[in-house]
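Taken together, the values in this text are just the output of simple stated rules run on the coordinates, not laboratory data. Here the structure is a predicted model, which means the values were calculated and not measured. Cβ placement follows ideal geometry from the backbone for every residue including glycine, while neighbour counts extend to all protein chains displayed.
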Amino acid sequence: MNPAAGCRFEPRCTYAIDQCRTVTPQLGEVAPGQLAACHVALEEARSGGWGAGSVAVAVAGAPADGPVATSSVTAPTPAATP
């Protein structure tokens, strides 16, 4: 089975750009230990745009003040509850 080209989240993503419709994003590091497969988040991370209001923060699920500790293959670790 061959999935359609493009990002599978494009139809419902607030941050989608034209590239999302045709090119499947590759998994990449948006901050040390923080991975995302998103064209917008990866470009923002390359340009140093990580911070409050950042697409990389929204897509990767990290807090606005920086990345959370994760392994290289798992989702962000949820915050501990007091």
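Take the Cα of LEU27, step 7 Å toward its Cβ, do the same at ARG46, and the gap between the two points is 2.0 nm. In this structure, the amide hydrogen of ALA37, modeled 1.01 Å from its nitrogen in the peptide plane, lies closer than 5 angstrom to those of GLY28, counting only residues at least 5 positions away or on a different chain. Please compute the length gained on full extension between CYS13 and MET1, using 0.36 nm multiplied by the number of residues separating them and subtracting their Cα-Cα distance. Value of the extension gain: 1.9 nm.
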